[in-house]
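What follows is a short report on a single structure.
The values are calculated or read from the model by the stated rules, or taken from the named source; none is laboratory data. Predicted model, so just to flag it, every value in this text is computed and none were measured. With ideal geometry, Cβ positions are generated from the backbone for all residues, glycine too; neighbour counts draw on all protein chains shown. Each accessible area value is taken on the protein alone, full model and side chains, heavy atoms only, with ligands, DNA and RNA left out. Shrake-Rupley method; radii C 1.70, N 1.55, O 1.52, S 1.80 Å.
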Amino acid sequence: MKLEQLVRPNIRDLKPYSSARSEFTGEASVFLDANESPFDNGFNRYPDPLQFRLKDAIGALKQLSSEQLFLGNGSDEAIDLLFRVFCAPGKDNVVAPDPTYGMYEVCAEINNVAYRKVALGKDYALPVEALLGAVDEHTKMLFICSPNNPTGNSFPVEAIERVLHHFKGIVVVDEAYIDFSSQLSFSTLLARYPHLVVLQTFSKAWGQASIRLGMAFASPEIIAYLNKVKYPYNINILTQKHALQLLCHEEAVREQVERILVQRQLLAEQLAAMPIVLKVYPSDANFILVKVADANHVYRLLSAQGVIVRNRNSVALCEGCLRISIGTEHENAQLIEALKAMEL
Ligand SMILES: *Cc1c(COP(=O)(O)O)cnc(C)c1O
């Protein structure tokens, strides 16, 4: 299918806002075009609307060209923009496994787009046939979060590729947790699948949740549509500068990921050995899903001891489950201690 047939007609025809800074190309020293303050305080100018320097650095790291890169105010911005580019409100729908990351459904509702949930299979497997069966002529996007939140498992590459082969709308593969996973990123398959969008974020392994920086990788055509719809200056200068610095210290991030992986293994073993824990699900992410007999009760007792975990008891297929982020060695020890206190 041609991409133009997937894009909302009004977006296809949209003439985007053209900022002063994006119209001018060349060398200049007197900037009287954007009604900024002329007094230099380091922040008086609007930031680069397309974040060229930052995209060069990220592109080098991810082995992608800048035209394949979109940067957003968190990957949540990219999710919302994808709805606004591809889904006509009140008409189109999207399909996603259930349970998965909650923002897909929230964005669907905000945009008045029907959200079709398909239950995960046994052991939280990707239900490929059922997902494809839920698709109709108004299905514009299909979301796959791998490793999946809140279950923690990755889906096999072959299963995701089967979806890519059979669904001709936009396939969004959310890789927020890919750095904790043993799987390869789908970003290496962009050339093969022009309808693939890969999402990654600085919020998890990079340890930068507060700067709000997310990434989408896709064909230059799809990226151009995201750029057309985004706010002109969506990434502020503090975030752009900070991220550029950060990219020079990639090995420190890798080291932290290694430490999380060691703690994940340790925590999984300790939890599995506790009578209060009925099941520890395998994790490819920086959290573990754990089944207990009475999740609400355990959640309350943990909270009372100052330990906050995510109660997933009311989520489909997660009855009795708590989602526990991997903390520092000390924090994880406090969690174990608080759980042991309950067993007395
Ligand atoms: C945490 C998370 C994100 C990250 O969102 P940001 O807006 O980049 O902080 C995206 N997808 C999933 C599945 C997540 O769990």
request  = May I ask you to list the residues in the stretch 164-189 that are open to solvent by 30 Å² or more (accessible area, probe 1.4 Å), in a helix (DSSP H, G or I) and within 16 Å of the ligand (Cβ to nearest atom)?
outcome  = ASP179
ask   = Taking the stretch 213-254 as the search range and keeping residues that are of a type in the set (Ser, Thr, Tyr) and within 16 Å of the ligand (Cβ to nearest atom), which one is least open to solvent (accessible area, probe 1.4 Å)?
value = THR239
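Would you tally the residues in the stretch 145-160 being of a type in the set (Asp, Glu) and either within 15 Å of the ligand (Cβ to nearest atom) or touching a His at 6+ places or on another chain (Cβ under 8 Å) (or both)?
Of the stretch 145-160, the ones of a type in the set (Asp, Glu) are 158.
Filter again for either within 15 Å of the ligand (Cβ to nearest atom) or touching a His at 6+ places or on another chain (Cβ under 8 Å) (or both), leaving none.
So the answer is 0.
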ask   = Has the stretch 136-153 got at least one residue that is closer than 25 Å to GLN5 by Cα, in contact with a Cys (Cβ under 6 Å, 6 or more places away or on another chain), open to solvent by 10 Å² or more (accessible area, probe 1.4 Å) and touching a residue at least 60 places away in the same chain (Cβ under 8 Å)?
value = yes
ask   = What number of residues within the stretch 46-80 are touching a Gly at 6+ places or on another chain (Cβ under 8 Å) and within 15 Å of the ligand (Cβ to nearest atom)?
value = 9
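For GLU105, are the conditions met, namely being outside any strand (DSSP E or B), within 16 Å of the ligand (Cβ to nearest atom), without any contact (Cβ under 8 Å) to a residue 24 or more places away in the chain and open to solvent by 40 Å² or more (accessible area, probe 1.4 Å)?
So GLU105 passes the test.
GLY26 - would you say it is loosely packed, with under 15 Cβ neighbours inside 10 Å and more than 21 Å from VAL197 (Cβ to Cβ)?
Values: loosely packed, with under 15 Cβ neighbours inside 10 Å: yes; more than 21 Å from VAL197 (Cβ to Cβ): yes.
Here the answer is yes, as GLY26 does meet what is asked.
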key: Residue in the stretch 190-203 that is out of contact with any Lys or Arg (no Cβ under 7 Å at 6 or more places or on another chain), within 10 Å of the ligand (Cβ to nearest atom), open to solvent by 10 Å² or more (accessible area, probe 1.4 Å) and part of a loop (DSSP other than H, G, I, E, B) present   = yes
note = Exception for ALA60 within (1) among the small types (Gly, Ala, Ser); (2) open to solvent by less than 40 Å² (accessible area, probe 1.4 Å); (3) more than 11 Å from MET215 (Cα to Cα) falls at (2)
